[in-house]
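The values are calculated or read from the model by the stated rules, or taken from the named source; none is laboratory data. Quantities reported herein were computed from a predicted structural model and do not represent experimental measurements. Neighbour counts are summed over all protein chains in view; Cβ atoms, including those assigned to glycine, are modelled from backbone coordinates with ideal geometry.
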Amino acid sequence: MQISCSTVRQPSLRKSSGEPMNFKKIWDDYSLWFTFGFMFLMMWAYTVDWLRTGVGRAIDAVFAPLLTTFGIPFYILIVILSALTGLYSSIVQKYTIDYDKMATSQERMKEFQAEYREATLSQDEKKIKKLDAKKDRVMKEQLEMSQQQFKPMTYILVLSVPIFFWLLYRLAQTTATITMPYFGMVDLNSPVIWIIPAWIFWYMICSITLSQVIRKALNIGGL
């Protein structure tokens, strides 16, 4: 009697060719799609009340003492949180974006556009044909630079969205006012521009301003 034995294959993170999967290459190739997917996930989370409230309540123990124990006014707390957001966003961008390479790429693109415009105006068919052959490489480089700018967004959103959810959670049960130019004294929950509440408008102003100061202090290049 013949008895045959079969071995059970263990799952392996390898391609069909037998080579191990390169997660870094996968991230480099599909990071833009991962980022967009995560952004849509965060937008969906915002529409789910129990999830939004749950996250806000979970981190309330961290930020609530700033209001209840230390008595920091809410509009000042927004300044602190926007500074914190600007700090870690700038640090993440500093170590995930190659600004020197980006500046070099932008300079090459400007030179290419100037050459192409000059060749077009002078109707130099030979030069135009030569530049057309170079165009695909230049555009591909620009696309890679654009994708690189999106890479930090995933990390930044992971830290920023919970803070945003906490502000929504806390402001829903808080009455706080702020005096703003052109608007006077307004409730932080009241809309000041179309449907934008005063607290979001104030957060945007503080975040943009402080981010520029932080980027200058950390010597981080601009996008």
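In region 41-57, how many residues are of a type in the set (Gly, Ala, Ser) and either over 20 Å from residue 80 (Cβ atoms) or free of Cβ contacts under 8 Å to residues at least 12 places away in the same chain (or both)?
2
Looking only at region 69-78, count how many residues are under 19 Å from residue 190 (Cβ atoms) and either in contact (Cβ under 8 Å) with a residue 24 or more places away in the chain or among the small types (Gly, Ala, Ser) (or both).
4
State whether one or more residues within region 132-142 are assigned to a helix (DSSP H, G or I), of a type in the set (Asp, Glu) and touching a residue at least 24 places away in the same chain (Cβ under 8 Å).
For region 132-142, residues assigned to a helix (DSSP H, G or I), of a type in the set (Asp, Glu) and touching a residue at least 24 places away in the same chain (Cβ under 8 Å): present.
Only one of 124, 132 is exposed (fewer than 13 other Cβ atoms within 10 Å of the Cβ) and at pLDDT below 80. Can you tell me which?
Sole residue among the options that is exposed (fewer than 13 other Cβ atoms within 10 Å of the Cβ) and at pLDDT below 80: 132.
Quick one: how many residues across region 85-129 are over 29 Å from the mean Cα position of the chain (by Cα) and of a type in the set (Ser, Thr, Tyr)?
Final tally of qualifying residues: 3.
When region 61-87 is examined, which residues are found to be closer than 17 Å to residue 160 by Cβ and exposed (fewer than 15 other Cβ atoms within 10 Å of the Cβ)?
Within region 61-87, 62, 80 meet the criteria.
Do we have residue 90 as of a type outside the set (Lys, Arg), assigned to a helix (DSSP H, G or I) and in contact with a Leu (Cβ under 9 Å, 6 or more places away or on another chain) here?
On the way: of a type outside the set (Lys, Arg): yes; assigned to a helix (DSSP H, G or I): yes; in contact with a Leu (Cβ under 9 Å, 6 or more places away or on another chain): yes.
When the stated conditions are applied, residue 90 passes them.
Could you list all residues from region 142-156 that are of a type in the set (D, E, K, R) and under 11 Å from the mean Cα position of the chain (by Cα)?
Narrowing region 142-156 to residues of a type in the set (D, E, K, R): 144, 151.
Residue satisfying the conditions is 151 alone.
So residue 164 fits all but one of (1) surrounded by 16 or more Cβ atoms within 10 Å (Cβ to Cβ); (2) under 24 Å from residue 37 (Cα atoms); (3) within 19 Å of the chain's Cα centre (by Cα); (4) touching a residue at least 12 places away in the same chain (Cβ under 8 Å); what number is the exception?
The number of the failed condition is (4).
Can you tell me which residue among 82, 105 is within 20 Å of residue 156 (Cβ to Cβ) and in contact (Cβ under 8 Å) with a residue 12 or more places away in the chain? Show your work before the answer.
Details: 105 fails: within 20 Å of residue 156 (Cβ to Cβ).
Result of the check over 82, 105: 82.
Please determine, by comparing only the residues of region 93-137 that are in contact with a Leu (Cβ under 9 Å, 6 or more places away or on another chain) and among the hydrophobic types (A, V, I, L, M, F, W, C), which one is nearest to residue 210 (Cα to Cα).
Result: 97.
Mind listing whichever residues of region 68-84 are of a type in the set (A, V, I, L, M), farther than 15 Å from residue 218 by Cα and under 20 Å from the mean Cα position of the chain (by Cα)?
Step one: of region 68-84, the residues of a type in the set (A, V, I, L, M) are 72, 76-81, 83-84.
Now narrow it down to the ones that are farther than 15 Å from residue 218 by Cα: 72, 76-81.
Correct list: 78, 79, 80, 81.
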